[in-house]
1. In region A:71-79, is there at least one residue being within 21 Å of A:Met193 (Cβ to Cβ), within 15 Å of the chain's Cα centre (by Cα), surrounded by fewer than 19 Cβ atoms within 10 Å (Cβ to Cβ) and among the hydrophobic types (A, V, I, L, M, F, W, C)?
2. Within region A:104-119, track down each residue that is assigned to a helix (DSSP H, G or I) and buried (at least 17 other Cβ atoms within 10 Å of the Cβ).
3. Kindly check whether there is at least one residue in region A:47-61 that is out of contact with any Asp or Glu (no Cβ under 9 Å at 6 or more places or on another chain), within 14 Å of another protein chain (Cβ to nearest Cβ) and among the hydroxyl-bearing types (Ser, Thr, Tyr).
4. Looking at B:Ser59, B:Ser90, B:Ser54 in this structure, which one is away from every other protein chain (no Cβ under 14 Å) and at pLDDT below 80?
5. Within the set of pairs 6 or more residues apart or between chains, which connect a residue that is at positive phi inside region B:23-36 to a residue that is surrounded by fewer than 20 Cβ atoms within 10 Å (Cβ to Cβ) with Cβ atoms less than 8 Å apart?
6. From the list A:Val224, A:Val191, A:Val208, A:Val122, which residue is in a helix (DSSP H, G or I), of a type in the set (Val, Ile, Thr) and either surrounded by fewer than 16 Cβ atoms within 10 Å (Cβ to Cβ) or in contact with a Lys or Arg (Cβ under 9 Å, 6 or more places away or on another chain) (or both)?
7. Scan region B:193-204 and give yes if some residue there is more than 30 Å from B:Thr48 (Cβ to Cβ), modelled with pLDDT under 85, assigned to a loop (DSSP other than H, G, I, E, B) and out of contact with any Pro (no Cβ under 8 Å at 6 or more places or on another chain), otherwise no.
8. Go through region A:71-105 and report how many residues are at the interface with another protein chain (Cβ under 8 Å from one of its Cβ atoms) and either on the phi > 0 side of the Ramachandran plot or at pLDDT below 90 (or both).
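The values are calculated or read from the model by the stated rules, or taken from the named source; none is laboratory data. Please read these numbers as outputs of a predicted model, since none were measured by experiment. Note that each Cβ is placed from the backbone with ideal geometry, even for glycine, and that neighbours are counted across all protein chains shown.
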Amino acid sequence: MINFDSVTKVYPNQSRAALESVNLAVNKGEFVFLVGPSGSGKSTFLRLILKEERPTDGRIHVAGKDLARLTNWKVPHLRRRIGCVFQDFRLLPSKNVYQNVAFALEVIGKPRRFIRRVVPEVIDLVGLEGKHDRMPDELSGGEQQRVAMARAFVNRPMILLADEPTGNIDPATSIGIMKVLDRINRTGTTVVMATHDAAIVDSMRKRVIELEYGKVVRDQSRGVYGQAY
Amino acid sequence: MRSQFVLQEIWIGLRRNLTMTIALIVVVAISLSLLGTGLLFIKQVNSTRTYWQSKVQISVYLCTSNSPNPNCHGPATDAEQAQIRQTLSSMPQVSAVYYQSQQQAYLQFRQYFANDQSYVSTVQQGDIPASFEVRLKNPGADYNIVASAVTGAAGVESVVDEMTILDKFYKLLDAARNAVVIVALILVIAAVLLVANTIRLSAFNRRRETGIMRLVGASNFYIQLPFLLEGVIAGLFGWIIAAALLIGVKSFLLDNLQQYFSYNVGLSLADLIQVIVLAMCVGVLLCGATSFLTLRRYLRI
């Protein structure tokens, strides 16, 4: 599903590589934790998958597509197959829960009938039944993140990228968020989650990839956050 | 393509920076109407010029008893007059020659200045010389040939091309037209900068929305269209106001001017429509192109 072949990324005006000769393969339906200190290259890894950045060297394949050969106007079609969740939720404050989720489908030109059918299903899936009309500022952080996940998943992407989705949420609520991610993973969606949350990584017992200074220093199936802890 | 969604986005964009939008519409309206006025002016001047060129003639003034010209020795004799008439009418460039006697000239003068009796009273019959009025086949081009043929001939006091008198008037009109066009061009530049700024502001205001649109895979076209249309719609509003102003310019200014000069060479409705359509093309193209170029810079895809 995601294939990195000796990928190096050096940002302009920076001497150190953000990622250095990274070789990775993530299979369809996998759940992968991406761990490592700040600046270790986790975000760069996610941005490369979305083709928000281009690698300085190496090849990247996502969903069977060679990103280097993907023309600019086809990039949106790649991103339709990838859902994204962030630490800061990125909801539209002027739209309610339903509208926020529907927005993701509206802007890719889905017919209204389809949207009316699919959006409530996904809102139920993330556990926000009956909260369609709430505005983001009326929701707790956990609920806002659920809305963001519903938006990321509503178009049934093949891959879901989560960049510290529990970073702004207390541990008890985080468990609920992880349950939703797990539920999404069970539908066959590949999930890649960058995180600092050791407790969550340890409790899930999924594949763990650790980055340090842009290099993969550990790749364990059923791993934990850090051996030293 | 969900048109309702796009329209909604445009509406949000226009409403969010309402003051900018109003400023934009006003500047577009004024620049387009000035541009259109310049064009109407050019058309009007051209049509009057053609009209007058068919009317103007060369006046060949004959010597009188008190002509200061050393070429003159008393009033032109009948033989001299016949000779001049012969010279003129035999030229291939001349279409007609009329004789205006001193009495006719004096009566015409009195008629033209009938409402200024004090001026009329200072001029007596005999002060105005008799003349041959020469009509040319090709006014403007053949003046020199015809004028040199009779200048200095016995009995000729002076040769005057009426076109040179009109030219002064046209120079004035041309200067006015140029001023209008220059001001219009400066305003067009201002309009372009305003469009760029409005779109930039709009893109900045909606960076959240566009960021999410990018993430969920909206096509570049879909992301840019609301902004592009925002510029074009502002341009269209400006154009509508400009069209109204242009109709006003035509019916109140140019048509009145025409009455004042009492010649029947007004601009047709077709001319007006042509200018208005041109103004629309300029406005929409300008706003659309500026929006597009601005978006390429400020809206990361």
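1. As a first pass, look at region A:71-79 and keep what is within 21 Å of A:Met193 (Cβ to Cβ): A:78-79.
Okay, now just the ones that are also within 15 Å of the chain's Cα centre (by Cα), so A:78-79.
If we keep only those that are surrounded by fewer than 19 Cβ atoms within 10 Å (Cβ to Cβ) too, we end up with A:78.
This time we only want the ones that are among the hydrophobic types (A, V, I, L, M, F, W, C), so: A:78.
Looking for residues that are within 21 Å of A:Met193 (Cβ to Cβ), within 15 Å of the chain's Cα centre (by Cα), surrounded by fewer than 19 Cβ atoms within 10 Å (Cβ to Cβ) and among the hydrophobic types (A, V, I, L, M, F, W, C), one finds at least one in region A:71-79, hence yes.
2. Going residue by residue through region A:104-119, those that are assigned to a helix (DSSP H, G or I) are A:104-106, A:112-119.
Within region A:104-119, A:Ala104, A:Leu105, A:Glu106, A:Ile115, A:Val118, A:Val119 qualify.
3. So in region A:47-61, the residues out of contact with any Asp or Glu (no Cβ under 9 Å at 6 or more places or on another chain) come out as A:48-57.
Next, only the ones that are within 14 Å of another protein chain (Cβ to nearest Cβ) stay: A:49-54.
Applying the additional criterion that residues be among the hydroxyl-bearing types (Ser, Thr, Tyr) yields none.
Checked region A:47-61: no residue is out of contact with any Asp or Glu (no Cβ under 9 Å at 6 or more places or on another chain), within 14 Å of another protein chain (Cβ to nearest Cβ) and among the hydroxyl-bearing types (Ser, Thr, Tyr).
4. On the way: B:Ser59 fails: at pLDDT below 80; B:Ser90 fails: at pLDDT below 80.
After applying the criteria, what remains is B:Ser54.
5. Here the result reads none, with nothing in region B:23-36 linked to a residue that is surrounded by fewer than 20 Cβ atoms within 10 Å (Cβ to Cβ).
6. Working: A:Val224 fails: in a helix (DSSP H, G or I); A:Val191 fails: in a helix (DSSP H, G or I); A:Val208 fails: in a helix (DSSP H, G or I).
Only one candidate passes the filter, namely A:Val122.
7. Checked region B:193-204: no residue is more than 30 Å from B:Thr48 (Cβ to Cβ), modelled with pLDDT under 85, assigned to a loop (DSSP other than H, G, I, E, B) and out of contact with any Pro (no Cβ under 8 Å at 6 or more places or on another chain).
8. 3
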